[in-house]
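Let me begin by presenting the structure, written as structure tokens, before commenting on it.
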Amino acid sequence: MRRYIARQLVQLVVVVLGISLLAFAILHVLGDPVLLLLPQNAGKEEFARYHRLLGLDRPLYVQYWKFLSSAVVGDFGKSWYADTPAFKLVLERMPPTIYLTFSGLFVALLIALPLGTLAALRRHSWVDSLCTAVAVAGQAMPLFWLGIMLIIVFAVRLKALPASGYGTWQHFLMPAFCLGAALAPITMRLVRSGVIEVMSMEFIKTARAKGVAEPMVVVKHALRNACIPVITVLGLQFGQLLGGAVITETVFAWPGVATLTVESIRNQDFPVVQCAVILLALIIVSVNLVVDVLVGLIDPRIRAA
Amino acid sequence: MSTVSAPGKLELAELGPVRTQEHEPERATLRRLLRLRWGVGAGVVLLVIVACSALATWIAPHDPLAVDIRHRLSPPAWMDGGTRDHLLGTDPVGRDLLARMIYGGRVSLVVGVVAVLMSATIGVLLGLAAGYFGGNVDWLIMTGINVMLTFPFVLLALAVIAVLGPSLGNMIIVLGVAGWPIYARVVRAETLTIREREFVLAGRALGMSHARLVFRQILPNLVSVIVVIATLQVAQVIILESFLSFLGLGIQPPTPAWGNMLGEGRLYMLNSWWIATFPGLAIFVTTLVINLMGNALRDWLDPHSKL
């Protein structure tokens, strides 16, 4: 187990380094920060002076090292727009994003677990067809459009829910459903195939032969075992889930990291963009690690592979 | 409903003691056929969409940029206050929504196809290299894949667009360059198994060059897998493109694109729901039929694969 975790940790460090390199390259190789800082009519000397001031005249690997070594201690520079450290700005916006992500996950499970199980138990029935139809439609649905449609129906027409913002539990309903609907199709398919596979196993027969009631067989014996692939894939999908949160946040004006990132992009506030991107990536990678370890703990067969 | 493969499978099933298994193969072929039907239907719808945007100049009822001041924010024709002149209504400056949607399809389809061609090329080349050469090359490419797959595609696209500035070309480049890991991962895995097959070993024994082995012996076996992924990816790219345009980071107004029309419609959704609804519906239907077609294509090309 220890070796397994160590191997995953090495993998994590490599991926984080890669992401930091990517974030650095996007700003420093593709673009020139000075070009964005100075007015367009600034002279050549002015450009050279700023380059020296920001250390941009030094070789790229020196710049990258400087960027990396300060990023490790949480120093991503000051926001060019708000005159506060970028790190603080991003950290403040983190909780709403995390709440949204987890409530989206919750909704997805709420939809996918019963429907997927039912589809697996009644294969080729109308429930199964319905699930397939919902899954196919759900995968083609542009998340931001779904959000707007929800707002038009529930906020504008029915006036039942707040259209945007953050605060009460009512504010959570639409964004969480929106994000959950995006994740539900793939989760549902996994639950379905997982339950189908488990139901043909020997221990299910044993449980039935013992006289365990059928609902118990399904919930305690089948569903539990079907959960392993679901957890693995959901962990791997966490990045996509956060990506979905980015889209959901912008539609519902949710005050999270994603809205901050989009605002900062509009203001060309790169320290904030860089910081947000790296912190989100860090969260994704850590979640992946935790899921890997958890799955390894639950199912020893995976550790060996 | 019997196809060529069904009788053989039935015979095998009859040997076994489990009666319920008997109908399984026929059921499966039935489902397969149904999915193919769906796929053909979806293909027809997609053809109509493609034809509409290709022939937009002749089909569109109005010029997509023509302003009709008398009919600003007029609702669809079947509602009170709608005019027959503008079937799906107009936007805040009185431009015809239907015409803009027909033209808007061009952007989405072109971006989708070009970006997918780019990322498929990059991804297939890297995947072949990783699978064929192995070792350090494989490690480097796999790390790249892990980095890219960890990272939300949306965030990456946002960050790059922020630096490069929004435009059609930049968006195609971003979507094209960022999409390669999916192809690379699948192609690498397939290459790993094909590399050990007899015909490749035979080719190597005959003294074929690496390039010939990779492109003439291995690559042709991967075409169907690549085509299926690419088809499904077109839908994903279209959704992403419209999201970027929706945020104002993609196609710039006044050029009509489904994404920026939706973004514009969001500002007016309190009173004029149709501006946001119809372009979104167009995106939804297009991605839906592409997905259906991709699924059917997968069944048709390789019924046993579990992609």
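The values are calculated or read from the model by the stated rules, or taken from the named source; none is laboratory data. For clarity, every value in this text was computed on a predicted model and none was experimentally measured. Quick reminder, even Gly has a Cβ in these numbers, built from the backbone with ideal geometry, and neighbours come from all protein chains shown.
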Report summary line: Among helices (runs of 4 or more DSSP H) entirely inside the range A:1-82, those with 1 or more residues being within 14 Å of chain B (Cβ to nearest Cβ) and of a type in the set (Val, Ile, Thr) are A:2-25, A:33-37
Report summary line: Across the range A:270-280, the tally of residues that are more than 9 Å from chain B (Cβ to nearest Cβ) and crowded, with 24+ Cβ neighbours inside 10 Å stands at 2
Query raised in the report: Residues B:Ala276, B:Ala257: which one is free of Cβ contacts under 8 Å to residues at least 40 places away in the same chain and either touching a strand residue (DSSP E or B) at 6+ places or on another chain (Cβ under 6 Å) or small (Gly, Ala, Ser) (or both)?
Result: B:Ala276
Requested in this report: All but one of (1) touching a residue at least 40 places away in the same chain (Cβ under 8 Å); (2) away from chain B (no Cβ under 11 Å) hold for A:Asn267, so report the exception by its number.
Outcome: (2)
Requested in this report: With respect to A:Val136, determine if the residue is at the interface with chain B (Cβ under 7 Å from one of its Cβ atoms), closer than 22 Å to B:Asn271 by Cβ and in a helix (DSSP H, G or I).
Outcome: no
Report task. Say whether the condition of being buried (at least 17 other Cβ atoms within 10 Å of the Cβ) and at pLDDT 85 or above is met by at least one residue in the range A:75-85. Result -> yes
Query raised in the report: Is it fair to say A:Val107 is on the phi < 0 side of the Ramachandran plot, in contact (Cβ under 8 Å) with a residue 40 or more places away in the chain and away from chain B (no Cβ under 14 Å)?
Result: yes
Query raised in the report: Among the candidates B:Thr191, B:Thr231, which residue alone is within 14 Å of another protein chain (Cβ to nearest Cβ) and among the hydroxyl-bearing types (Ser, Thr, Tyr)?
Result: B:Thr231
Requested in this report: Specify the residue that is surrounded by the most Cβ atoms within 10 Å (Cβ to Cβ); the eligible residues are those in the range B:40-53 that are in contact (Cβ under 8 Å) with a residue 40 or more places away in the chain and closer than 13 Å to B:Leu109 by Cα.
Outcome: B:Ser53
Report summary line: Within the range B:156-172, the residues that are of a type in the set (Val, Ile, Thr) and free of Cβ contacts under 8 Å to residues at least 24 places away in the same chain are B:Val160, B:Val163
Report summary line: Subset of the range B:258-271, residues assigned to a loop (DSSP other than H, G, I, E, B) and crowded, with 21+ Cβ neighbours inside 10 Å, comes to none
Query raised in the report: Can you name every residue in the range B:144-188 that is facing another protein chain (nearest Cβ under 10 Å) and aromatic (Phe, Trp, Tyr)?
Result: B:Phe151, B:Phe153
Requested in this report: Determine which single condition A:Phe24 fails, assuming it passes every other condition in (1) surrounded by 13 or more Cβ atoms within 10 Å (Cβ to Cβ); (2) closer than 30 Å to A:Thr259 by Cβ; (3) without any contact (Cβ under 8 Å) to a residue 40 or more places away in the chain.
Outcome: (3)
Query - Check on B:Ile283, within 14 Å of another protein chain (Cβ to nearest Cβ), surrounded by 24 or more Cβ atoms within 10 Å (Cβ to Cβ) and either over 15 Å from B:Met101 (Cα atoms) or in contact with a Gly (Cβ under 9 Å, 6 or more places away or on another chain) (or both) - result: yes
Requested in this report: Report, by residue number, each residue of the range A:144-195 that is hydroxyl-bearing (Ser, Thr, Tyr) and away from chain B (no Cβ under 13 Å).
Outcome: A:Tyr166, A:Thr168, A:Thr187
Query raised in the report: Could you list, in sequence order, the residues of the range B:60-96 that are in contact with a strand residue (DSSP E or B) (Cβ under 7 Å, 6 or more places away or on another chain), hydroxyl-bearing (Ser, Thr, Tyr) and at pLDDT below 80?
Result: B:Ser74
Query raised in the report: On the given criteria, is B:Pro181 more than 22 Å from the chain's Cα centre (by Cα) and either in contact (Cβ under 8 Å) with a residue 12 or more places away in the chain or within 25 Å of B:Arg100 (Cα to Cα) (or both)?
Result: no
Report summary line: the range A:228-305: helices (runs of 4 or more DSSP H) wholly inside it with 3 or more residues that are in contact with a Ser or Thr (Cβ under 9 Å, 6 or more places away or on another chain) and under 23 Å from A:Phe87 (Cα atoms) are A:238-252, A:257-266, A:270-298
Query raised in the report: Across the range A:166-200, what is the number of residues that are in contact with a Pro (Cβ under 8 Å, 6 or more places away or on another chain) and within 14 Å of A:Ala253 (Cα to Cα)?
Result: 2
Report summary line: Residue hits (the range B:241-257; crowded, with 24+ Cβ neighbours inside 10 Å and more than 9 Å from chain A (Cβ to nearest Cβ)) are B:Glu241, B:Leu244, B:Ser245, B:Gly250, B:Ile251, B:Pro256, B:Ala257
Report task. For the range B:135-193, name all the residues that are hydroxyl-bearing (Ser, Thr, Tyr) and closer than 16 Å to B:Ala120 by Cα. Result -> B:Tyr183, B:Thr191
